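Peer 1: Questions regarding the structure given below will be posed in turn.
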Amino acid sequence: MLFTSSPITLSWPLECSEDSSTGHSLWSRMGCPIGLFTPALFTGVSQESPPPERELTEFPPEGPPRSEPEGDYTGWTTSREDLGYDASGVPPGVTICYLPNYSWFTLEQRVDLKAEGVWDELLDGFQPDIVIKDWYEESQLHESIYQLRVRLLGTDGQTVISEYTMSPTEQLSEYSHNWKEVSHVFSGYGPGVRYVHFLHRLKNKFMVEFFPTLVTGSTVLVKPSKSGQ
């Protein structure tokens with residue numbers, strides 16, 4: 001039995017420019033600045049008269065800047081954790097236009113094994129191998145870009161009977177965007193398993209444009225065999 005996820009895609013860029021008359025940095029999309037009041041706007045305006053009204057530029061049809069990857073998340077519960085801007089390595093007093101903003105994007109799903117056709121006697125007596133597989137791209141955005149936690153849960157959907165976690169450290173010394181396979185086999189886990197809770201976290205970066213860590217092929221496989229047989 002296979003339960004799989006869908007691949008994740010990209011989004012549109014932002015760029016940072018400078019107003020030559022004021023020196024102010026403007027965030028813009030494809031050269032279209034977001035509305036910003038500058039001293040030049042108030043020339044000839046006295047304290048007795050209000051400043052002229054100005055509307056901020058609306059977001060383009062594509063919407064605001066991306067904060068999470070695109071994809072088909074049917075069946076998944078998703079959430080995002082903003083890690084803030086990373087100013088590490090920036091010398092004191094240095095003014096910069098861009099800073100990387102990292103975030104974790106979490107996808108989780110609980111698979112009901114009985115609803116998928118696996119019966120109690122098979123799970124409790126025979127205890128077939130439950131194989132977990134996943135693929136993520138070596139995006140090289142950070143040393144830590146992928147985390148996995150899979151739990152076998154009891155009849156109440158809460159009690160943890162067995163658990164597997166993984167949080168690899170990436171090598172950034174050489175340029176590589178290879179796909180990496182993650183796999184684990186649950187065996188001899190004991191009676192009572194009825195659910196598989198699958199959770200993985202992907203680190204993304206926004207700096208001028210959105211850079212995601214890609215993932216695909218998330219799989220839960222119940223094998224009609226046991227390890228060593």
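The values are calculated or read from the model by the stated rules, or taken from the named source; none is laboratory data. This structure is a prediction, so every number in the text was calculated from the model and none was measured. Glycine gets a Cβ as well: all are built from the backbone with ideal geometry, and neighbour counts include every protein chain shown. When the accessible area is computed, the model is the full protein with side chains, heavy atoms only, and any ligands, DNA or RNA have been set aside. Shrake-Rupley method; radii C 1.70, N 1.55, O 1.52, S 1.80 Å.
Peer 1: Taking Glu143 as the residue in question, decide whether it is open to solvent by 70 Å² or more (accessible area, probe 1.4 Å), under 30 Å from Leu99 (Cβ atoms) and either in contact (Cβ under 8 Å) with a residue 60 or more places away in the chain or of a type outside the set (Val, Ile, Thr) (or both).
Peer 2: Details: open to solvent by 70 Å² or more (accessible area, probe 1.4 Å): yes; under 30 Å from Leu99 (Cβ atoms): yes; either in contact (Cβ under 8 Å) with a residue 60 or more places away in the chain or of a type outside the set (Val, Ile, Thr) (or both): yes.
Considered against the rule, which asks whether it is open to solvent by 70 Å² or more (accessible area, probe 1.4 Å), under 30 Å from Leu99 (Cβ atoms) and either in contact (Cβ under 8 Å) with a residue 60 or more places away in the chain or of a type outside the set (Val, Ile, Thr) (or both), Glu143 comes out as yes.
Peer 1: May I ask you to list the residues in region 124-138 that are open to solvent by 10 Å² or more (accessible area, probe 1.4 Å) and closer than 29 Å to Ser173 by Cβ?
Peer 2: Answer for region 124-138, where residues must be open to solvent by 10 Å² or more (accessible area, probe 1.4 Å) and closer than 29 Å to Ser173 by Cβ: Lys133, Trp135, Glu137, Glu138.
Peer 1: Glu121 fails exactly one of the following numbered conditions: (1) at pLDDT 90 or above; (2) open to solvent by less than 20 Å² (accessible area, probe 1.4 Å). What is the number of that condition?
Peer 2: Glu121 satisfies all of (1) at pLDDT 90 or above; (2) open to solvent by less than 20 Å² (accessible area, probe 1.4 Å) except (2).
Peer 1: For residues that are under 24 Å from Ser144 (Cα atoms) and among the hydroxyl-bearing types (Ser, Thr, Tyr), scanning just region 185-227, find the one that is most open to solvent (accessible area, probe 1.4 Å).
Peer 2: Thr216
Peer 1: Give me a count of the residues in region 68-88 that are farther than 15 Å from Leu202 by Cα and at pLDDT below 80. Give the derivation first.
Peer 2: Narrowing region 68-88 to residues farther than 15 Å from Leu202 by Cα: 72, 74-75, 84-88.
Still in the list and also at pLDDT below 80: 72, 84-88.
Selection size over region 68-88: 6.
Peer 1: To continue, here is another question. Give just the number: which of (1) open to solvent by 50 Å² or more (accessible area, probe 1.4 Å); (2) under 20 Å from Glu81 (Cα atoms); (3) hydroxyl-bearing (Ser, Thr, Tyr) does Ser173 not satisfy?
Peer 2: With respect to (1) open to solvent by 50 Å² or more (accessible area, probe 1.4 Å); (2) under 20 Å from Glu81 (Cα atoms); (3) hydroxyl-bearing (Ser, Thr, Tyr), Ser173 is out only on (2).
Peer 1: Out of curiosity, is Trp119 of a type in the set (A, V, I, L, M, F, W, C), out of contact with any helix residue (DSSP H, G or I) (no Cβ under 8 Å at 6 or more places or on another chain) and over 21 Å from Glu209 (Cβ atoms)?
Peer 2: Working: of a type in the set (A, V, I, L, M, F, W, C): yes; out of contact with any helix residue (DSSP H, G or I) (no Cβ under 8 Å at 6 or more places or on another chain): yes; over 21 Å from Glu209 (Cβ atoms): yes.
Yes: the conditions hold for Trp119.
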